[in-house]
Every structure is written in structure tokens, then in C-alpha cells.
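Everything below concerns the one structure shown next.
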Amino acid sequence: MVMHLVAYHEALSGATPLSPIDAVPDETVTYREKDIQVTALNQVVMAAVAGAYLTQARLNSPSLRALIPSYIAPAGTATGWGVPMRAMDLRSTPIGLTVEENLNVEVETTGASSPYAAVAFSDGPVTPVTGKIVTVRATGSTTLVADEWTNVPLEFDVDLPAGDYQIVGMRAESAGCWLARLVLKGSAERPGVLGCRGIQDPDFPMFRYGQPGVMGTFKHNVPPSVEFLSASADTSEVVYLDLIKVA
């Protein structure tokens, strides 16, 4: 199983009727303005949208239009993803798209809004994993570029015992964080999560303790970094990784 997270965001004065929003510039996919081209990972396993004054939102592509666009509900607000998390959990029943078609996220609002949307792709249904899971905390001090993916090197709070580790969950925090995704050496895919603003924010269960499956692997001396997508130029980042030691 392989996963990859992409994002959309645009500041709008209003959007009626439904209108596509901009794709966030992304070196890992082919994109142009409102479009992100579907890769070989063509199964949508999660979709979420949040913003002020939203009245409806949906995924749209040529293959979806042949049947019906896929509506996203409920939606988060201008301040976050909501409690409980407002996202479409499609891990066991993914939406299949056509490879190399363009995917849009369309929104309707009744006023000025800056909606964020996230779409996670996989190569099939996501199978949760079990095992001896431990959680490690890591921090970063990179100044994020608002509304762009910014890579953040991580420093673990403790030294990991030598060996190989599976990442089976993740939580990412910064003051304006909307999304975060892993950057693993030797892997083109960037699995990710909905972001948190601080330790008081509740967890999103589908991203923790084995529920997202194996998000990636790394050796203790080649740790991953994390790309953050934030609404602000944050300078302090916190990441929790749920790990299973496999060797």
C-alpha cells in the first residue's frame, strides 16, 4: 500500500455557484492552476475541505462527471478541521479515478473565504496494522512559507535504538498548520495528515496508531522530514510519529 497527499487552497471573495479552487504548487505531481493530474495512485482514500461560509464542496473530474461528482460533507471551518474531524474516510471504500485525468476541488461560499482542501490517494484500500507501537516526538524550527509546502527537518527528542522502523501514524502541529506530509528518502510518495494547531487539539483517529497502515519506513540514522502547509509563517513545528520497530 502506498499513499500520497495533495492540497488545494485559494482566497475567494465569494464563489457562487460551485467553482474550482487553485491547486497548491507541488513538485511531486503535474498541476496547472485548478488541476492536479491523477497519478498511478488513483484511489481517493480521504478528502476534506474547510473554510468560512462554505455551503457545499465536491471532487470533480471527467470520470466522476460520467457518473456524479463526489460531494464532501461535512466541512471544517475557517479555524480548523472540526471536532470530531470533518473528513471523508474512504480507506475501505476508495473512489477510483482515471490515471492522468485532472482532478478539481470545487466549493461554493456565501462570502469571502480562503478554503483549504486535502485529497489523499492510494493504490487500493488501506489496511490498518497492529503491532508493538511506540510514539516518538520530534521538533522543527523552520520558518514556514504561508500557503506553500515547506520542508521541515526534524530532530527527535530521544535517540532511536538502531534499526528499521515503520511509520504507522502521525500527528503534526504548528500555529497555523492545515496539512503535513512525510518526506522519506528514496520514496516519491508523500503520505500525510490533517494538521493540528497545538497539543490541546484532539487527535484525528484515522491517522494514528496503525489506522493509516504503513505510511513509510526509515532507518534510525536516516530520519524523515515533514512538509507543512500552514496559513502562517510559523517558526516552531512538532511532529509525533507512531512507530513499529521491524529490524
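Each reported figure results from applying straightforward, stated rules to the coordinates on display, with no laboratory input. Keep in mind that what you see is a predicted model, and the values were worked out from it rather than measured. FYI the Cβ positions are ideal-geometry reconstructions off the backbone, even for glycines, and counts take in every protein chain you see.
In terms of surrounding Cβ atoms within a 10 Å radius of their Cβ, Phe121, Phe156, Phe207 rank from fewest to most as Phe156, Phe207, Phe121.
Fewest neighbouring Cβ atoms within 10 Å first, the residues Met215, Met85, Met46 line up as Met85, Met46, Met215.
According to the square roots a ≥ b ≥ c of the eigenvalues of the Cα gyration tensor, what is the shape class of region 14-78, taking rounded for a/c under 1.5, prolate for a/b larger than b/c otherwise, and oblate for the remainder? Prolate, since a/c reaches 1.5 and a/b exceeds b/c. Over the chain, Cα pairs under 8 Å with separation of 6+ residues give a relative contact order of 25 percent.
Over region 3-122, what is the relative contact order in whole percent, taking alpha-carbon pairs under 8 Å and six or more residues apart? That works out to 45 percent. In the chain, a dipole from Cβ-located charges (positive for Lys and Arg, negative for Asp and Glu) runs towards its positive end, and of Ile36, Met88, Ser113 it is Met88 whose Cα lies farthest in that direction. Which value results when the Cα radius of gyration for region 134-245 is divided by 2.2 N^0.38 Å? Compactness ratio reported: 0.97. Rounded to the nearest 20 debye, the dipole magnitude of region 134-245 is 300 debye, with +1 charges on Lys and Arg beta carbons, -1 on Asp and Glu beta carbons, and the Cα centre as origin.
Only Lys, Arg, Asp and Glu carry charge here, each on its Cβ (+1 for the first two, -1 for the last two); on that basis region 23-78 has a dipole of about 220 debye about its Cα centre.
Basic side chains Lys and Arg get +1 at the Cβ, acidic Asp and Glu get -1 at the Cβ, and with that the dipole of the chain about its Cα centre reaches some 600 debye.
Hey, how many Å between the Cα centroid of region 217-236 and the Cα centroid of region 87-105? For region 217-236 versus region 87-105, the Cα centre distance is 25 Å.
Only lysines eight or more places from Lys245 in sequence, or on another chain, were considered; those with a Cα closer than 24 Å are Lys132, Lys185, Lys219. Taking the number of Cβ atoms within 10 Å of each Cβ as an exposure proxy, the fewest-first ranking of Ser61, Ser225 is Ser225, Ser61. Using the Karplus relation 6.51 cos²θ - 1.76 cosθ + 1.60 with θ = phi - 60°, the per-residue 3J(HN,Hα) values for region 111-118 come to x, 4, 8, 10, x, 10, 9, 10 Hz, with x marking Gly and Pro.
Can you tell me which aspartates and glutamates have their Cα less than 17 Å from the Cα of Lys34? Leave out same-chain residues fewer than eight positions away. Correct list for Lys34: Glu10, Asp22, Asp26, Glu100, Glu101, Glu106, Glu108, Asp147, Glu148. Per residue, the average separation of C-alpha pairs within less than 8 Å and at least 6 apart gives region 159-247 a relative contact order of 50 percent.
Checking every one of the GluC sites (Glu not before Pro) in region 45-115 against DSSP loop status and a limit of 11 other Cβ atoms within 10 Å picks out Glu100. Here's how it looks for Ser236: its modeled amide H is under 5 Å from those of Ala175, which are all 5 or more places away or on a different chain. Which log10 I(q)/I(0) values does region 3-122 give at q = 0.15, 0.18, 0.19 Å⁻¹ under the Debye formula, counting every alpha carbon as one identical point scatterer? Each listed q corresponds, in turn, to -0.60, -0.88, -0.98. Here the Karplus curve 6.51 cos²θ - 1.76 cosθ + 1.60, taken at θ = phi - 60°, turns the phi angles of region 167-175 into couplings of 8, 10, x, 7, 9, 10, 10, 7, 4 Hz, with x standing for Gly and Pro. Work out the charge dipole of region 33-109 with +1 on the Cβ of Lys and Arg and -1 on the Cβ of Asp and Glu about the Cα centre, then indicate which of Ser61, Ala47, Asn102 is farthest towards its positive end. The one lying farthest along the dipole's positive direction is Ala47. Sequence-ordered 3J(HN,Hα) estimates for region 231-247 from the Karplus curve with 6.51, -1.76 and 1.60 and θ = phi - 60° stand at 7, 9, 7, 5, 10, 9, 10, 10, 10, 10, 10, 8, 10, 10, 7, 10, 7 Hz, glycine and proline given as x.
Here the calculated FRET efficiency for Gln56 and Ser232, from their Cβ-Cβ distance with R0 = 22 Å, stands at 0.20, rounded to the nearest 0.05.
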